[in-house]
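Taking it in order: structure first as structure tokens, then the write-up.
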Amino acid sequence: MITVLLVDDQALLRMGMRLVLEANDDLTVVGEAGDGNAALTQVAALDPDVVLMDVRMPGMNGIDATARITTEHPRTRVLILTTFDLDEYAFEGLRVGASGFLLKDAPPAELVRAIRTVASGDAVVSPRITRRMLDLFADRMPESNATPELRPAVDPRVESLTPREKEVLQAVAEGLSNLEIAERFVLSETTVKTHVGRVLAKLGVRDRVQAVVFAYETGLVRPS
């Protein structure tokens, strides 16, 4: 059973999502919240598998709440609910640790599929979309804003990667799929999956999307 917390300041929208989700035998809504502060309280009390998080709410907004949840409750995955697929809120949500974003007008089947995907440990947004977002909002990345003398030293997690693992990470950051990476480096898809798994473990990130964000934040990959 996948447990879900609904966070949105519109009660009618929460009711609609609850009806959609609880029509599935493997999903249950364990709680609701109308703002970021209430979401933090509910996550601490209920330990949900997935949080559906709106961004525009009174009090603490969804981005700040997401940052707190992903830091303080790393087991819980967050899906950002947004109006446009390449807006600043979706970008900021991914940057602070969300496992993906979903358009508010997404069909019910897509909503259910997205929740199941992030609950299984994967990310909803493809690396390609993530890269487009990072290119679009590159000036907001910490590394981009720092003067050369103030930029941080190479992250030790990057140094822990083997040369092949660095190549795989850069390919993931380009938005390539496992099959495309396998073709580029003349490897089997199974071998690529193994490399990707090791990269995620060494970097301490949850999924490919967070690996792409890491690659940009550390300067391993530059915006197009």
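Listing for the model above:
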quantity: Reach of LYS166 by Cα under 25 Å, taken over lysines that are not fewer than 8 positions away in the same chain; calculated: LYS193, LYS202
quantity: Between helix 62-72 and the chain: long-axis angle, C-alpha atoms, 0 to 90°, nearest 10; calculated: 70
quantity: Other-chain or far-sequence residues with amide H under 5 Å of VAL125's (modelled H); calculated: PHE101
quantity: Cα Rg over Rh - region 1-125, Kirkwood; calculated: 0.91
quantity: Overall form of region 71-125 per C-alpha gyration tensor (a/c, 1.5; a/b vs b/c); calculated: oblate
quantity: Area accessible to solvent at ASP64, 1.4 Å probe radius, in Å²; calculated: 80
quantity: Residue-span extension gain [ALA44 to ASP105] - 0.36 nm each, minus C-alpha spacing; calculated: 19.1 nm
quantity: Cα convex hull volume per residue for the chain (Å³); calculated: 127
quantity: Gain upon complete extension [LEU136, ARG184; 0.36 nm per residue less C-alpha separation]; calculated: 14.7 nm
quantity: Burial order of peptide ranges 35-41, 160-166 (average beta-carbon count within 10 Å, highest first); calculated: 35-41, 160-166
quantity: Label-point separation, GLN170 to LYS202 (7 Å along Cα→Cβ), nm; calculated: 1.4
quantity: Euclidean distance of C-alpha centroids, region 154-174 and region 1-57, integer Å; calculated: 36
quantity: Computed FRET value (nearest 0.05) for GLN10 with THR71, which takes r as the C-beta separation and R₀ as 25 Å; calculated: 0.40
quantity: Distance in nm between pseudo-label sites at MET1 and GLU22 (7 Å out along the Cβ direction from Cα); calculated: 1.2
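The values are calculated or read from the model by the stated rules, or taken from the named source; none is laboratory data. Nothing here was measured: the structure is a model prediction, and the numbers come from that model. So basically every Cβ, Gly included, is an ideal-geometry build from the backbone, and we count neighbours across all protein chains shown. We work out accessible area using only protein heavy atoms, side chains counted, and drop any ligands, DNA or RNA first. Shrake-Rupley method; radii C 1.70, N 1.55, O 1.52, S 1.80 Å.
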